[in-house]
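The values are calculated or read from the model by the stated rules, or taken from the named source; none is laboratory data. No experiment lies behind these values; they were computed from the predicted model shown. Here Cβ is always computed from backbone atoms with ideal geometry, including for glycine, and neighbour counts include all displayed protein chains. Keep in mind that these areas ignore ligands, DNA and RNA; they rest on the heavy atoms of the full protein, side chains included. Shrake-Rupley method; radii C 1.70, N 1.55, O 1.52, S 1.80 Å.
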Amino acid sequence: MLSEAERERIPRAVTPGATPTLLLHPASAASELGDALAALAQSVSEETQGAIAVTEVHNGAHGEPPPARPALSLARGAQARVCYLALPEGHEAPPFIEALIAWCEGEAAPREPWMAKLDALDRPAALQIFIGAECPHCPQAVRVATRAALDSPQVRATVIDAQRFPQLAKRFGVRAVPTTIIDDGLAVTGVLSGAALVGRLLARGEDGYEADRFRSLIETGRLAEAARELSHAAGVGFFMQAWRESATSSRVGL
């Protein structure tokens, strides 16, 4: 999976005393995906001469457990900030390898300009990126989200194959990929740039963001969640705004 240069680079990048670990979260029953993730983790560990360890996890250790199993997480110590409910192969392999290298480099990893704004996050953010195996745009959506998670301790990213986990895709009303779900609420379809993603995260709690989140609940069919918003004045305001700005075709959900 790794090129010769990457095999040499990863061991050199590891911060002394902080061995990065691939956490395997097996399902209760054997599956093709579980076997593939286990083989991938073992291959990475062998190719990096053990610089990356592999650990099997059956409980909630290393932070919040994944939303489903089998899964594979990138962790160091007690921190697991990137989780895969997908097999990073084919065109999804490069973002995974880049994440491995950045995770190993830690604070030494180069930062793009938009990443500096992540320092202003004052509360945790959970990202779920739904992808498809043949989607040409999904790798970039994954790349942005995983780099944000590896750069900021406030961000956690979970990459989900919508076809392998249809129950999760249905739960969030995912109809196209890539779709990024922020804090189980706002759904954004398409590729968010790094700057756009950080802008969304920093805007959480502001009226504009909350109005977008409310509309997102309607558009993705999460009507029960949207209805609960009407129990407070702000939610009623978001409803009226959405009604005023809606087209006839979108008023059925409202």
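Annotations for the structure displayed:
- So Arg228, is it open to solvent by 70 Å² or more (accessible area, probe 1.4 Å), on the phi < 0 side of the Ramachandran plot and in a helix (DSSP H, G or I): yes
- If only residues of region 226-241 that are within 28 Å of the chain's Cα centre (by Cα) and hydrophobic (A, V, I, L, M, F, W, C) are counted, the one that is farthest from Tyr209 (Cα to Cα) is Ala227.
- When residues of region 70-81 are limited to those that are at pLDDT 95 or above and not small (Gly, Ala, Ser), the one surrounded by the most Cβ atoms within 10 Å (Cβ to Cβ): Leu72
- Scope region 212-224; condition assigned to a helix (DSSP H, G or I), open to solvent by 40 Å² or more (accessible area, probe 1.4 Å) and either under 15 Å from Leu186 (Cβ atoms) or among the aromatic types (Phe, Trp, Tyr) (or both); matching residues: Asp212, Arg213, Arg215, Glu219
- Just one of (1) more than 17 Å from Phe130 (Cα to Cα); (2) surrounded by fewer than 17 Cβ atoms within 10 Å (Cβ to Cβ) fails for Tyr209. It is (2).
- Residues within region 104-130 that are open to solvent by less than 10 Å² (accessible area, probe 1.4 Å) and within 18 Å of the chain's Cα centre (by Cα), tallied: 6
- Wholly within region 115-186, strands (runs of 3 or more DSSP E) carrying at least 3 residues that are under 24 Å from Arg69 (Cβ atoms) and touching a Lys or Arg at 6+ places or on another chain (Cβ under 8 Å): 125-131, 155-161
- Selection of first residues in region 203-231 that are touching a residue at least 60 places away in the same chain (Cβ under 8 Å) and of second residues that are surrounded by 20 or more Cβ atoms within 10 Å (Cβ to Cβ) and among the hydrophobic types (A, V, I, L, M, F, W, C), restricted to Cβ pairs under 9 Å at least 6 apart or on distinct chains, gives the following pairs, ordered by first then second residue: Arg204/Ala125; Arg204/Ile182; Arg204/Leu186.
- Counted residues, region 82-103 - those being surrounded by fewer than 18 Cβ atoms within 10 Å (Cβ to Cβ) and not in a helix (DSSP H, G or I): 1
- Exclusive hit being open to solvent by 50 Å² or more (accessible area, probe 1.4 Å), modelled with pLDDT of 95 or more and not polar (S, T, N, Q), set Val155, Val177, Val142, Val188: Val177
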